[in-house]
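Only one structure is covered here, and it is reproduced in the block below.
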Amino acid sequence: MMVLTALLLSGSPAHAWNLAGWAWDSNEFPVPWYLADYVTPELSAEYEEEVTRLGASIWAEQAPCAGTSDLYMGIREGHWASGPSSSDLVNTVYFDDPTARNDESALGVTYTSFGGAYFPIEEPDGDIAYIFEAYDSDIVFSDWAQWATTEDIAAGNCNNEYSIEGVATHEFGHFWGMAHSCEREDVESGRCTELAWYEATMFWTGAACDLTQANLAEDDIQGITALYGPYASFSTDSETSGGVPLEVCFDLETKTGDYEGLEVEWSFGDGATSTEFAPCHTYETQGQFTVYVTITGTDPSCGSYSFDQREPAFVTVCEPPHPGEGFSGTFTYEYVEGTTYQMINQADLSVYGCIDQVAWDVFKDGQKVQSISAWSPKIDFGEEGTYEVVLNLGGPGGISAESLTIDVGTDGVGGCSAVPGAAAGLFGLLAGLGAAVRRRHQP
């Protein structure tokens, strides 16, 4: 899979640091990369090499807690004209866009291929970013851009040129997996509200003769640290959807693979907490529960840190299907016309996923004459008589069945009565499980 990020590329709304959706496997650091054999006219070969190496390494120098590491492999001879490729698996930096691939308004574009397994990280706005493993990334600086050195800009020798150091640092931010702190539409719509987001290296654009993006801002440091620094994630081999009570046991994963020097606090979403590293918790009430874990610890490169991981609606706990609040039964009905009646399902839907099976059975003289799978169907009985309608419901919390007797008359008026005895032929949901049919009289 290939995607690209660019200095002038649009994207989804952002409210602080954002992640592009990929990261390099830190177990395989340092990440190697080459510089294509072409020297742009505005720069010397030595400076071109120096500034790209700085753009890659500054992320490790100014965000040490992230622990990124790159390895410059030198000049890739005889390769510039072929341009970026997602299939050669050689990370390469190109000047002057040899294949004219970049958007005409972009100062630079980073083309990244990624795939395989992924892991979730919560971004500052509460969205969950799913991060895949990067396996190829090429940076291409556009040929229309006029570049200035950091020294010239600092000395005031700049005439509408752009900081190659700032753009290189920005594009290597994409290389490492960072997205824009704010996009153009965020600025235009007023969603980008903090000055710090404008000053971030990963802001969507950079001004001419400006060195702001050559150094990481706190927003950039927080983002890259969330991506590569200390982290916590969790999983479970337990069922996470089931009936009350439901026990779920959690497994904590850390960057180092051990718990030495760490403290942990779990919040299970129902008010209960734990400080164990691998706790088991029993949910006693129906609901969908978001699970949080916070780890705190120390790291030689970054001192004390704290990291949170959240999994929304991670656990779903259900009671057997039952009437919704304010109803005495799981269904009722209304007369429509002739021999047609509207069934009205009143089952509780307050917790998503607690009802996943619905079936209606219609009986006459002990024989099943209709079966319908719908939430609230209209039933045409076809002829007058006394019918028993059974609503069968199932879900993670169990099963239930309830019946009403309907007298279908030729005058179009529905009567009702309670009929003793068990309803015959309930659908497979109830077979062999000893479920009782709740027979109710419709007043």
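All conditions in (1) buried (at least 16 other Cβ atoms within 10 Å of the Cβ); (2) part of a loop (DSSP other than H, G, I, E, B) hold for Thr193, with the sole exception of (1).
Return the residues of the range 100-132 that are assigned to a strand (DSSP E or B) and either modelled with pLDDT under 90 or surrounded by fewer than 17 Cβ atoms within 10 Å (Cβ to Cβ) (or both); say none if nothing qualifies. Outline the logic, then answer.
Taking the range 100-132 first, the residues assigned to a strand (DSSP E or B) are 108-122, 128-132.
Hits for the range 100-132 are Gly115, Gly116, Ala117, Tyr118, Phe119, Pro120, Ile121, Glu122, Ile128, Ala129, Tyr130.
Counting only strands (runs of 3 or more DSSP E) wholly contained in the range 216-308, the ones carrying 1 or more residues that are touching a residue at least 60 places away in the same chain (Cβ under 8 Å) occupy 232-235, 241-243, 246-249, 287-299. In the set (1) modelled with pLDDT of 95 or more; (2) within 18 Å of Thr296 (Cβ to Cβ); (3) buried (at least 17 other Cβ atoms within 10 Å of the Cβ), the condition left unmet by Ala226 is number (1). Considering the range 164-186, and only residues there that are under 24 Å from the mean Cα position of the chain (by Cα) and aliphatic (A, V, I, L, M), the residue that is surrounded by the fewest Cβ atoms within 10 Å (Cβ to Cβ) turns out to be Ala179. Evaluate the range 404-413: report whether one residue or more is modelled with pLDDT under 95, small (Gly, Ala, Ser) and assigned to a loop (DSSP other than H, G, I, E, B). Checked the range 404-413: at least one residue is modelled with pLDDT under 95, small (Gly, Ala, Ser) and assigned to a loop (DSSP other than H, G, I, E, B). Listed by first and then second residue, the pairs with beta-carbon distance under 6 Å, at least 6 apart or on different chains, first residue in the range 34-51 and under 17 Å from Ala145 (Cβ atoms), second of a type in the set (A, V, I, L, M) and assigned to a helix (DSSP H, G or I), are Val39/Ala45; Val51/Ile164; Val51/Ala168. One residue stands out in the range 135-163 among those that are within 40 Å of the chain's Cα centre (by Cα) and surrounded by fewer than 16 Cβ atoms within 10 Å (Cβ to Cβ): the one that is farthest from Thr52 (Cα to Cα), namely Trp144.
Please verify whether the range 89-108 includes one or more residues that are aromatic (Phe, Trp, Tyr), farther than 29 Å from Asp219 by Cβ and outside the structural domain of Gln309 (by TED's automatic domain parsing). Taking every residue of the range 89-108 in turn, none turns out to be aromatic (Phe, Trp, Tyr), farther than 29 Å from Asp219 by Cβ and outside the structural domain of Gln309 (by TED's automatic domain parsing). So, in the range 379-408, how many residues would count as being surrounded by fewer than 14 Cβ atoms within 10 Å (Cβ to Cβ) and of a type outside the set (Asp, Glu)? Qualifying residue count, the range 379-408: 0.
Condition check ((1) assigned to a strand (DSSP E or B); (2) assigned by TED's automatic domain parsing to the domain that holds Thr282; (3) over 30 Å from Val264 (Cβ atoms); (4) touching a Leu at 6+ places or on another chain (Cβ under 8 Å)) across all residues:
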| position | (1), (2), (3), (4) |
| --- | --- |
| Pro312 | yes, yes, no, no |
| Gln342 | yes, no, yes, no |
| Ser350 | no, no, yes, no |
| Asp361 | yes, no, yes, yes |
| Lys368 | yes, no, yes, no |
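Restricting Tyr111, Tyr72 to residues that are within 19 Å of Gly173 (Cα to Cα), touching a Lys or Arg at 6+ places or on another chain (Cβ under 7 Å) and not β-branched (Val, Ile, Thr) narrows the list to Tyr72.
The values are calculated or read from the model by the stated rules, or taken from the named source; none is laboratory data. Everything numeric here is computed off the predicted structure, so don't read it as measured data. Cβ atoms come from the backbone with ideal geometry, glycine included; neighbour counts cover every protein chain shown.
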